[in-house]
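Every number here is computed from the coordinates shown, using simple stated rules; none is lab data. Please read all numbers here as calculations on a predicted model, not as lab measurements. Glycine also receives a Cβ, built like all others from the backbone with ideal geometry; neighbour counts cover every protein chain displayed.
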Amino acid sequence: MELLRGIQNLKNQSVTCQHAVVTIGNFDGVHLGHQKIIQTTLEKAKARKGTSIAYTFRPHPQIALKPDSSIQLLSTYDEKIELLGATGLDIMVEEPFSREFSTIAPEQFFSDVLLRKLGAEEIVVGYDFAFGKGRVGHLEALGEFCKSAGVQLTIVPAQRIGSEVVSSSRVRQHLLAGEIDKANALLGRSFSYKGVVIKGDQRGRTIGFPTANLKLENKLALPYGVYATRTLFKDKIYPSVTNVGTRPTFHHEPGKELPALVETHLLDTTIDLYGSTLEVRFEHRLRAEKKFNGIDALKIQITLDAQQARELLT
């Protein structure tokens, strides 16, 4: 997949752009609903012997327009690029989103971006798609624009797991409620954090449970607690138990909370992970984070957590 940072770079791409089939969206989390849209785009492009293009945005429009909004992303922008790249798309345009960009009228966006710049012969969108200033460009309007321009429009219906519609908002709700299994079912994979292992206070090593620590940033924060996880390191997956939170058992200044960390302990494995890149995949929530009355009580609980994680992961 060729990544273009802004549509102005389209003329510089190395991939030949012809008979374009274009899909548009935020694709936050690249969940099963998004995957169906992308799959449809690829199938339509193959049928036309054309180019498959995903047109998306950075930052997320809600963050750009409402900086104080509480929306938490399901995937970082780099993760989204990686996930979309793995689908087999030919081109991804990551459009810088700004307040000025948001004022473009639907008909102008359709004619200037989709027709003139992308050369779309077919457009693929989800059932809840809206575009243009104030998201007033609804599917009916898009259908009229496409009909007038001779562009084929494909609307992908809602995807369901049981009776539940797959959406970014539903995934987010499940994760914030600690319902990891339900969220993962809608994502089609395990929710994860990825980053470089940083140096912590090394208390885990002194009590027999060394941890690899990742900063919790730029992405949805899971409810503080302990989770059964799988950790990817150098193309190998290790069962692990992970704490997300602020280590309340250890003393710190009254009224001042420590920065939240993702602290992962590999089960029955000892590897020096400092400075390495890890991906921690969350499978089950075990319990909430709590403050214990001393190190011995904490060690007993961690032992129980580790055993429960082993059982769930095997």
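The figures follow:
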{"item": "Within the range 183-198, backbone nitrogen closer than 16 Å to the virtual label 7 Å beyond the Cα of D78 toward Cβ", "result": "192-198"}
{"item": "Sum of -39500 (n - 2.57) over DSSP H runs of 4+, divided by residues of the chain (222 nm, nearest 500)", "result": "-7500 deg cm²/dmol"}
{"item": "Among beta bridges that DSSP assigns inside the chain, antiparallel share in %, nearest 5", "result": "60 percent"}
{"item": "T303 versus E43: modelled label distance in nm, points set 7 Å from Cα along the beta carbon direction", "result": "5.5 nm"}
{"item": "Spin-label pair R287/K199, simplified geometry with 7 Å Cα→Cβ offset, distance in nm", "result": "3.2 nm"}
{"item": "Percentage relative contact order, the chain, counting C-alpha pairs under 8 Å, at least six apart", "result": "16 percent"}
{"item": "All aspartates and glutamates inside 16 Å of K49 as judged from Cα atoms, apart from same-chain residues fewer than 8 positions distant", "result": "D90, E121, E122"}
{"item": "FRET efficiency estimate (nearest 0.05) - Cβ-Cβ, S102 to L3, R0 22 angstrom", "result": "0.45"}
{"item": "Gyration tensor verdict on the chain (Cα atoms; rounded if a/c is under 1.5, prolate if a/b is larger than b/c, oblate otherwise)", "result": "prolate"}
{"item": "Cα centroid separation, the range 1-74 to the range 256-314 (Å)", "result": "36 Å"}
{"item": "Inter-probe distance in nm under a simple model that places probes 7 Å from Cα toward Cβ, at E311 and E144", "result": "6.2 nm"}
